[in-house]
Amino acid sequence: TQLLEQSPQFLSIQEGENLTVYCNSSSVFSSLQWYRQEPGEGPVLLVTVVTGGEVKKLKRLTFQFGDARKDSSLHITAAQPGDTGLYLCAGLSSSGGGADGLTFGKGTHLIIQP
Amino acid sequence: ETGVTQSPTHLIKTRGQQVTLRCSSQSGHNTVSWYQQALGQGPQFIFQYYREEENGRGNFPPRFSGLQFPNYSSELNVNALELDDSALYLCASSWGPGLQPQHFGDGTRLSIL
């Protein structure tokens with residue numbers, strides 16, 4: 001059974017601060033995705049990383065896939081209240097051709113206080 | 001382009017009853033995956049349908065079953081409901097089983113009394 005561990009589980013910081021969220025596993029994934037979910041809504045895809053060591057930037061968000069494709073991080077620079085939400089990482093198994101679905105972490109609840 | 005839509009948005013059932021949840025996939029998407037998200041947890045994969053056939057299944061008992069129709073819309077059926085089945089049920093569609101991204105609907109909130 002593949003597991004993804006996210007840390008921290010909860011994070012509350014002031015507007016303007018930087019933060020990093022981690023997603024770790026002992027399993028290798030063919031790709032890893034980060035989603036953001038707001039209350040009462042479904043997850044919305046932020047980014048997909050595929051290559052070990054890959055770094056992708058989305059405005060103030062920087063995503064990195066570990067060299068061994070077992071872990072990932074999300075770094076937010078100068079956090080804003082609009083960044084508040086549940087951040088989920090999800091991995092696609094390296095076997096199964098996608099039929100195994102996505103394995104999700106439990107998520108990081110992020111609150112940015114004005 | 002129409003996104004993924006799910007119905008109903010909320011549902012209350014009692015233990016032992018049966019429920020059917022519905023999902024319309026995004027236009028052109030032939031693959032639908034269902035996930036269960038318990039309160040405070042990440043979504044858990046239930047199963048996936050590709051071209052009207054079950055293509056993969058997570059660790060859920062047989063009382064969780066599904067269908068996919070020729071227009072690629074899908075149903076999730078749960079029999080003999082248990083209290084632990086209370087959760088947000090999410091549907092996601094994509095172009096194919098291994099192709100991303102998956103586009104999620106806003107889910108059906110199922111409460112079991």
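The values are calculated or read from the model by the stated rules, or taken from the named source; none is laboratory data. From a predicted model like this one, the values you see are computed outputs, not experimental measurements. When we count neighbours, we look across all protein chains shown, and the Cβ atoms used for this are built from the backbone with ideal geometry, even at glycine.
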Pairs where the first residue, in segment A:1-23, is of a type in the set (Asp, Glu) and the second is buried (at least 16 other Cβ atoms within 10 Å of the Cβ), C-beta under 6 Å, 6+ apart: A:Glu5/A:Asn24; A:Glu15/A:Ile112; A:Glu17/A:Ala79
Residue list for segment A:62-82, restricted to those being in a loop (DSSP other than H, G, I, E, B) and buried (at least 18 other Cβ atoms within 10 Å of the Cβ): A:Gly66, A:Arg69, A:Lys70, A:Ala79
Only listed residue being touching a strand residue (DSSP E or B) at 6+ places or on another chain (Cβ under 9 Å), within 10 Å of another protein chain (Cβ to nearest Cβ) and among the hydroxyl-bearing types (Ser, Thr, Tyr), chosen from B:Thr31, B:Thr20: B:Thr31
Some residue of segment B:44-64 being surrounded by fewer than 16 Cβ atoms within 10 Å (Cβ to Cβ) and either within 20 Å of A:Gly42 (Cα to Cα) or of a type in the set (Ser, Thr, Tyr) (or both): no
Cβ-Cβ under 7 Å pairs, at least 6 apart or on other chains, segment B:1-26 side more than 13 Å from B:Leu76 (Cβ to Cβ), far side part of a strand (DSSP E or B) and among the basic types (Lys, Arg): B:Thr9/B:Arg109; B:His10/B:Arg109
Boolean, A:Glu17 is away from chain B (no Cβ under 14 Å), part of a loop (DSSP other than H, G, I, E, B) and not hydrophobic (A, V, I, L, M, F, W, C): yes
Of residues in segment A:99-114 being more than 9 Å from chain B (Cβ to nearest Cβ) and of a type outside the set (Val, Ile, Thr), the one surrounded by the most Cβ atoms within 10 Å (Cβ to Cβ): A:Leu110
Of residues in segment A:83-98 being surrounded by fewer than 23 Cβ atoms within 10 Å (Cβ to Cβ) and small (Gly, Ala, Ser), the one nearest to A:Leu45 (Cα to Cα): A:Gly85
Subset of segment A:26-45 [within 11 Å of the chain's Cα centre (by Cα) and surrounded by fewer than 18 Cβ atoms within 10 Å (Cβ to Cβ)]: A:Leu45
Qualifying positions in segment B:48-98 - touching a residue at least 60 places away in the same chain (Cβ under 8 Å), more than 17 Å from B:Gly3 (Cα to Cα) and within 14 Å of chain A (Cβ to nearest Cβ): B:Pro97
Options B:Gln41, B:Gln6; residue that is under 22 Å from A:Gly40 (Cβ atoms), part of a strand (DSSP E or B) and not charged (D, E, K, R): B:Gln6
From the options A:Gly96, A:Gly91, residue that is within 14 Å of another protein chain (Cβ to nearest Cβ), at pLDDT below 95 and outside any strand (DSSP E or B): A:Gly96
